[in-house]
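Take a look at the structure below.
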Amino acid sequence: MTAIALQPRVHPAVEGGLQLEVTNVSRETESIVSITMAAPEGGRLPSYVPGSHLVVQWGNGVNAYSLTGSGNAPSEYSISVLRVGEGAGGSLAMHRLCVGDRVYVARPRSAFAPASTATHHLLVAAGIGITPVLSHARAAVERDSTATMIYVHRPDAGAHVAEARELLGPGLIALVECTDRGSFQNVLAEALITQPVGTHLYVCGPVVFMDAVLEEARGHGWSSARLHSEAFGAAELDAGEPFTVHLARSGVRLEVPAGVSLLETLETAGQSIPNMCRKGICGECVLPVLRGAPQHRDLYLSEQEKAANNTMMSCVSRSNDPELELDL
Amino acid sequence: MSSTIIETDPDAALLPERIRRFPFPFASDTYRYSANVEPATKTAPTEAGAWGAHLVDIDEHYLDELAERAKVLTRDPSRVNVLPHMRTAVWDALTTLLSSMAEDYPDTMSFHREGNICRWRNGLQNLEVEFTVGDDSSLPEGPLRFLGTQIQDDIILLDIREDTLWLDAGLVTFAADWSFAFDVGMNFLEIHHPVPRVKEERITSRAEQFLLRLQPGEQFRRTNWTMTIGRRMDTSTETYPEWGPDRTTIADDPAMPEKLHLRVEVQHLIRLPHSGALLFLVRTHLLPLTDIARVPAWREKMGHVLAELPDDMAEYKGIIRYRKAASDWLLAR
Ligand code: HEM
Ligand code: FES
C-alpha cells in the first residue's frame, strides 16, 4: 500500500529538504518498527551530528524521530517509531509505510549532540529513548572515544538490543540492561558515582524518566554543563499561526499562512523589502507597524524596541493579533 | 547599514579580472559595524562585476598565496593548532570543503568517498591523493595542514559547548593584525574584546546567538575590511615589526596609491554537518588604490568612507595616520 507515496503538498517544515524512498521496514518489538530510507537514485545523504532528529512528513502533518546511525557520511537514514495508540496519527501512518514508498524529510537537525570535550559518555535510555542514544554509542565507537550505556526496557521488549550488544568493545565498554525499576535505581546510583572525571551524561526517554535521572545526577554533584537530555526541536522556530496584514498606504490586505514569513508574503505580492540575512539578525528588513502586536522572534530589536511594538523584523516575526497594520 | 541597488558600470567589462571579481565592501558613503551576515554562495554584484558564487574562491593568486602560507608555517609553527577534541571537526571541515570544491570546479578537481576512504584530485597542483577520514597519519602533515595547502582561506574551527563558541583549532597565516596563537582556547566574546563599539551595540552577543542557532549544513558569510601597505598577506601580531612601521611613513610616500591596498575579508560561517562545529573561513583579497580608482563609484565611496570613519574605528583598524591622505587622493581623481 502506498498511501503516503508522494504527498501532493510539501509541509513547510520539510520544504527544501529531501525526498527519500523507504528501503526497509523491520519490526523491533510489538509496538516499534524501524524504517530505513535512502535517496531514490542512491548515493550519499548529508552527514548528521550524533543524536540528531529527522522531521518526516506523513499525510498533512510532520513528526520528528531520532536517527539511529552515527551520522558519518551515511547512504541511508534509519529511524524507529513507537506506535502511540491515541496519538495525532503520525505514528500510525509511519507504521503503515512499506518498502518503495516515498516520503519528504527535512535535513537532519541537531539538538542532542555529544560534547567533544567529554572524557567518557554515560548514555541512559528508557524505551524508545534508545534511538538517539544508539546514535551516540555508534559515534563513540567510530571516534575512538568511550561510552557506557544503561538501557531500561520491558522484559523481551527492548528495541535495538542486539545492535547495542554488537557495539560492545573498546568504544562501548559496558551495556547494562534493566527490566525493572528497582534494579535501574541501583545501577544508576552506582554509575553516577563511579564515572571517570570529565564524563558527560545523556538521557533520553519519557519526560518523567529524564527529570528523575537528571535530578539524581545533580544530587550526586554533576554540574548541568555535563548533563544533556533530548529536547526535540528546541532550537527551531515553529511555523507559527496564520495572520493578516493590512498595508495602510496601498490599502491591500494579505494573508500570511503558517510556515511562510511576512517577508516572503510581501515579496510574492510584488513589494520589494530590503533584506540580507533572512534570519532576524542583520536588521535590514525592519518594517513600521501602525496597529496590532507583533510576535517578535528576532535577535535584532532590543527589549524596549520590541515592547514598543512599532517596528518588526519581517523575515522571522509574526503577529499575536489576527491582523497587523503596516506603514507600507 | 543601508541597502542600495548596485548596478554594474557598462564599461566594467574592460577591467581586469582582479577588479571585476573584487568583493568591494562599501554599499554607501559611510561605514559602521553591523551584523552583516547573509546566506553564502549568492552572487553579489558590484559596480565593476560580481563575486561570491562559490564557497571556496580560487583566483590568480592561488599558487602564490599557498607558497606564501607554506613559508609562514615553516617560520612560525604557532600559526596552526588543533586542540585534541577538535579532530572530528577538522576531518569534517576537510571533507566538506573538498567536496564543495569538486562541485564548483569539476574541470580541475574531483572528490570521491567510499566509506572513510577518499580520493582527491586537484589539477591546479597536479595532485592526486588518497586518505582515510579519521586517520591523521593518512595525510603527510595531518588533515588541517593539508586543507591549508588546498584553499587560500585561513581556517578557524569553533567548538560549541555550554551555549558558547570556543576557538579550539585553526590554521591562520594571513591574520589582519591579530594573533591566532593568542586567541586559541578563547570564546567568541573574549576574541572580540579588543573591537570598539561592538559590545555596546550588542553586535557580538547577537552574532553569537545567531551562530549558536545555525543548524548543521547551514552556510552564511559576511565581509570585513581594513588596509594594508604592500601586497602583504601575513599582517599578524607576530610579524608586526616587519609591517607596522610602514604605517607611519606611507602618507608621505609618493608611491602610496600603488602601495596602499584595500584589504577585504570574505568570511564564511559554516555549521559542519557531522561534528556540529562552526567553521570560520577568512579569505583575504587585496586591491591597490590605483585599481580602486579605476571604478568611479568605488573611488568615491571609499574616499568618503575613509574621510567620515569615526576615530575609534580608524584607530582600531590601524589606518588613522594615513586615512586622510588616502581619502584625499581618491577624491581628487
Ligand atoms: C565565529 C567566527 C568569528 C571569529 C573566529 C572572529 C574572530 C575575530 C577576530 C580574531 C577579530 C580581530 C580581533 C582583534 O583585534 O584581536 C575580529 C574582529 C571583528 N569581528 Fe569577528 N569573528 C567571528 C565572527 C564574527 C561575526 C559573525 C561578526 C559580526 C556579525 C564579527 C564582527 C567583528 C568585527 C566588527 C570585528 C572588527 C573588525 C575590524 O574593524 O577590523 N565577527 N573577529
Ligand atoms: S533580513 Fe536580516 S533581520 Fe530580517
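The values are calculated or read from the model by the stated rules, or taken from the named source; none is laboratory data. Just so we're clear, the structure is a prediction, and the values are computed from it rather than from any experiment. Reconstructed Cβ throughout: ideal geometry from the backbone, glycine too, with neighbour counts over all protein chains shown. Just the protein is used for accessible areas: all its heavy atoms, side chains included, with ligands, DNA and RNA removed. Shrake-Rupley method; radii C 1.70, N 1.55, O 1.52, S 1.80 Å.
Among the residues of the range A:301-313, are any at pLDDT 95 or above, open to solvent by less than 50 Å² (accessible area, probe 1.4 Å) and within 31 Å of the chain's Cα centre (by Cα)?
Looking for residues that are at pLDDT 95 or above, open to solvent by less than 50 Å² (accessible area, probe 1.4 Å) and within 31 Å of the chain's Cα centre (by Cα), one finds at least one in the range A:301-313, hence yes.
May I ask you to say which residue of B:Leu272, B:Leu281 is surrounded by 16 or more Cβ atoms within 10 Å (Cβ to Cβ), modelled with pLDDT of 95 or more and within 25 Å of B:Lys71 (Cα to Cα)? Before you say what the answer is, go through the steps one by one.
Details: B:Leu272 fails: within 25 Å of B:Lys71 (Cα to Cα).
Answer to the selection: B:Leu281.
What's the total number of residues in the range B:159-188 that are touching a residue at least 24 places away in the same chain (Cβ under 8 Å), outside any loop (DSSP other than H, G, I, E, B) and either open to solvent by less than 10 Å² (accessible area, probe 1.4 Å) or more than 11 Å from every other protein chain (Cβ to nearest Cβ) (or both)? It would help to see each step written out before you state the result.
Our first condition is that a residue be touching a residue at least 24 places away in the same chain (Cβ under 8 Å); within the range B:159-188, this holds for B:159-160, B:163-165, B:167-182, B:184-185, B:188.
Adding the requirement that they be outside any loop (DSSP other than H, G, I, E, B) leaves B:159-160, B:164-165, B:167-171, B:176, B:180-182, B:188.
Then keep just the ones that are either open to solvent by less than 10 Å² (accessible area, probe 1.4 Å) or more than 11 Å from every other protein chain (Cβ to nearest Cβ) (or both); that gives B:165, B:167-171, B:176, B:180-182, B:188.
Count: 11.
Report yes if some residue within the range A:250-262 is touching a residue at least 24 places away in the same chain (Cβ under 8 Å), of a type in the set (Ser, Thr, Tyr) and within 29 Å of B:Arg202 (Cβ to Cβ); otherwise report no.
Yes, some residue in the range A:250-262 is touching a residue at least 24 places away in the same chain (Cβ under 8 Å), of a type in the set (Ser, Thr, Tyr) and within 29 Å of B:Arg202 (Cβ to Cβ).
When residues of the range A:114-140 are filtered for being surrounded by fewer than 22 Cβ atoms within 10 Å (Cβ to Cβ) and not in a helix (DSSP H, G or I), how many remain?
4
Can you tell me which residue in the range B:161-176 is nearest to B:Gly276 (Cα to Cα), limited to those that are touching a helix residue (DSSP H, G or I) at 6+ places or on another chain (Cβ under 7 Å) and within 10 Å of ligand 1 (Cβ to nearest atom)?
Per the stated criteria, the residue is B:Leu165.
Would you pick out the residues in the range B:70-97 that are more than 14 Å from chain A (Cβ to nearest Cβ) and in contact with a strand residue (DSSP E or B) (Cβ under 8 Å, 6 or more places away or on another chain)?
So the first thing to find is which residues in the range B:70-97 are more than 14 Å from chain A (Cβ to nearest Cβ), and the list is B:70-81.
Once the filter is applied, which keeps residues that are more than 14 Å from chain A (Cβ to nearest Cβ) and in contact with a strand residue (DSSP E or B) (Cβ under 8 Å, 6 or more places away or on another chain), the range B:70-97 yields B:Leu73, B:Arg79, B:Val80, B:Asn81.
Looking at the structure I just gave you, is B:Met302 away from chain A (no Cβ under 14 Å), under 30 Å from A:Cys282 (Cβ atoms) and open to solvent by less than 20 Å² (accessible area, probe 1.4 Å)?
Yes: the conditions hold for B:Met302.
Please go through the range B:34-54 and pick out each residue that is open to solvent by 30 Å² or more (accessible area, probe 1.4 Å) and part of a loop (DSSP other than H, G, I, E, B).
Once the filter is applied, which keeps residues that are open to solvent by 30 Å² or more (accessible area, probe 1.4 Å) and part of a loop (DSSP other than H, G, I, E, B), the range B:34-54 yields B:Thr41, B:Lys42, B:Thr43, B:Ala53, B:His54.
Looking at the range B:60-70, is at least one residue open to solvent by 20 Å² or more (accessible area, probe 1.4 Å) and not in a helix (DSSP H, G or I)?
The answer is yes; a qualifying residue exists.
Is it the case that B:Leu331 is within 16 Å of ligand 2 (Cβ to nearest atom) and out of contact with any Ser or Thr (no Cβ under 6 Å at 6 or more places or on another chain)? Step through it out loud before you land on a result.
Details: within 16 Å of ligand 2 (Cβ to nearest atom): no; out of contact with any Ser or Thr (no Cβ under 6 Å at 6 or more places or on another chain): yes.
Spelling it out, it is not the case that B:Leu331 is within 16 Å of ligand 2 (Cβ to nearest atom) and out of contact with any Ser or Thr (no Cβ under 6 Å at 6 or more places or on another chain).
Mind listing whichever residues of the range A:268-305 are within 14 Å of ligand 1 (Cβ to nearest atom) and of a type outside the set (Phe, Trp, Tyr)?
A:Met276, A:Cys277, A:Lys279, A:Gly280, A:Ile281, A:Cys282, A:Gly283, A:Glu284, A:Leu299
Conditions tested, residue by residue: (1) open to solvent by less than 40 Å² (accessible area, probe 1.4 Å); (2) in contact with a Phe, Trp or Tyr (Cβ under 8 Å, 6 or more places away or on another chain); (3) free of Cβ contacts under 8 Å to residues at least 24 places away in the same chain.
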| site | (1), (2), (3) |
| --- | --- |
| A:Gly158 | yes, yes, no |
| A:Val161 | yes, yes, yes |
| A:Arg165 | no, no, yes |
| A:Leu172 | yes, no, no |
| A:Gln185 | no, no, yes |
| A:Leu188 | yes, no, no |
| A:Thr194 | no, no, yes |
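Within the group B:Phe131, B:Phe24, which residue is in a strand (DSSP E or B), crowded, with 19+ Cβ neighbours inside 10 Å and more than 11 Å from chain A (Cβ to nearest Cβ)?
On inspection, the qualifying residue turns out to be B:Phe131.
Listed here are the residues, each with its yes/no results for (1) outside any strand (DSSP E or B); (2) under 20 Å from B:Glu65 (Cα atoms).
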site: B:Thr204; (1), (2): yes, no
site: B:Leu212; (1), (2): yes, no
site: B:Pro216; (1), (2): yes, no
site: B:Trp225; (1), (2): no, yes
site: B:Thr239; (1), (2): yes, yes
site: B:Glu242; (1), (2): yes, yes
site: B:Arg247; (1), (2): yes, no
site: B:Glu258; (1), (2): yes, yes
